[in-house]
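Student: Dropping a structure here in structure tokens format, bear with me for questions.
Please treat every number below as a calculation from the coordinates, not as lab data. Values in this document were obtained by computation on a predicted structure and should not be read as measured data. Counting neighbours? That spans all protein chains shown, and the Cβs are built from the backbone with ideal geometry, glycine included.
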Amino acid sequence: MRILFLGPPGSGKGTQCKKLAEKLKIKHLSSGDMLREAVAQNSDAGVQAKSFMDAGKLVPDPVLIAMFRENLTRPDVHGGFILDGFPRNVAQAKALDELLQELGASLDSVLNLLIEDSFLTERITGRRSCKNCGAVYHIKFAPPKTPDVCDVCGNPLIQRSDDKEELVKKRLETYREQTEPLIEYYDLRRTLKTIVAEGEPEEVFARILEALRIV
Ligand code: AMP
């Protein structure tokens, strides 16, 4: 299956994509995770991306398009994939269409996570993650057993630098201006399904499985 997720920062997209990729045993391709890794490794892409990420802006399209071209042509994605965070604007969506056409593939479903704005800031600013194993927590909604320590591997939890309140407003603005138009883009192609992303992660996951008709 080839699935694309849309949804604002804080909609729980990363968590749901991870769960779905595990269930379907397909690759989870998260643009944010790839960029953070590139920044940590100080690679060319990371150096280009850092200042945009630190400002809550989109990293230039060529960086992302090259990154996804490389990932989508790898043999381990032939069985299917979940796209999380890419495309993030119409130019990237068009580039993805071209890339999939070259590969003779197409998206089976596009899922849009719908959530009220008022929930987002609290969800984002309370998010903590483990730098070692990637497990994600929330200080209020999904706290670790010991504060600031990962339940899975015992390493310290960190807050992403762009999850701080000052930057969240800018990221949400960027989403509204540049990414939200993709809802119409995919709706016109009749592949879009809307999922209400409020409630417990398990409830949201059940809605996703229902929308995809997976039992
Ligand atoms: P995320 O983890 O998806 O919230 O992404 C974190 C940051 O990475 C975003 O605020 C952007 O600066 C950058 N980013 C992620 N995906 C993209 C994309 N498809 N295009 C441009 N920038 C991106």
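Student: Using the 2.2 N^0.38 Å rule of thumb for compact globular proteins, work out how the stretch 1-64 stacks up: its C-alpha Rg over that value, please.
Tutor: Here the answer is 1.23, to two decimals.
Student: State, in angstrom, two size descriptors of the chain derived from its alpha carbons: Rg to one decimal place and Dmax to the nearest whole number.
Tutor: Gyration radius and largest Cα-Cα distance of the chain: 16.6, 49 Å.
Student: When the distances between all Cα atoms of the stretch 57-111 are binned every 10 Å from zero, what whole-number percent does each bin get?
Tutor: 21, 62, 17, 0
Student: Still on this structure, I have one more. How high is the relative contact order of the chain, given as a whole-number percent (alpha carbon pairs under 8 Å, six or more residues apart)?
Tutor: Rounded, it is 28 percent for the chain.
Student: Using the Kyte-Doolittle scale, find the helices of the chain whose mean hydropathy is at least 0.0 and whose Cα atoms extend 18 Å or more along the helix's long axis, counting only whole DSSP H runs.
Tutor: 90-103
Student: Take every DSSP beta bridge with both residues inside the stretch 1-148 and express the antiparallel ones as a percent of the total, to the nearest 5.
Tutor: Close to 25 percent.
Student: Can you tell me the FRET efficiency between residue 209 and residue 136 if r is taken as the Cβ-Cβ distance and R0 is 25 Å, rounded to the nearest 0.05?
Tutor: After rounding to 0.05, the efficiency reads 0.80.
Student: Using +1 at the C-beta of Lys and Arg and -1 at the C-beta of Asp and Glu, which of 56, 194, 17 has the Cα lying farthest in the positive direction of the dipole of the chain?
Tutor: So the residue we want is 17.
Student: Still on this structure, I have one more. Assign unit charges at the C-beta atoms only (+1 for Lys and Arg, -1 for Asp and Glu), then state the dipole size of the chain relative to its Cα centre in Debye, rounded to the nearest 20.
Tutor: 340 debye
Student: Give, rounded to the nearest 20 debye, the magnitude of the charge dipole that the stretch 4-62 has about its Cα centre when Lys and Arg contribute +1 at Cβ and Asp and Glu contribute -1 at Cβ.
Tutor: Result for the stretch 4-62 is approximately 360 debye, rounded to the nearest 20.
Student: Here's a follow-up. Say the cut-off is 28 Å between C-alpha atoms; which of 25/170; 57/94; 27/169; 145/169; 18/193 go over it?
Tutor: Beyond 28 Å: 25/170; 27/169; 145/169.
Student: Then there is this: If packing is taken as the average number of other Cβ atoms within 10 Å across a peptide's residues, how do 21-29, 7-15, 76-84 rank, most packed first?
Tutor: Peptide ranking by packing, descending: 7-15, 76-84, 21-29.
Student: Simple spin-label model, 7 Å along Cα-to-Cβ: residue 164 to residue 73 in nm?
Tutor: 3.9 nm
Student: Any idea how far apart residue 196 and residue 101 come out in nm if each label point goes 7 Å out from Cα toward Cβ?
Tutor: Once both label points are built, they end up 3.8 nm from each other.
Student: Distance from the Cα centre of the stretch 97-119 to that of the stretch 1-74, in angstrom?
Tutor: Spelled out, the Cα-based centre of one part sits 13 Å from the other.
Student: Based on the alpha carbons, how large is the Rg to Rh ratio for the stretch 58-178 when Rh follows Kirkwood?
Tutor: My calculation puts Rg/Rh at 1.02.
Student: Divide by every residue of the chain the summed helix terms, -39500 (n - 2.57) for each DSSP H run of at least 4, and state the resulting mean residue ellipticity at 222 nm, rounded to the nearest 500 deg cm²/dmol.
Tutor: When only DSSP H runs of four or more count, the value is -14000 deg cm²/dmol.
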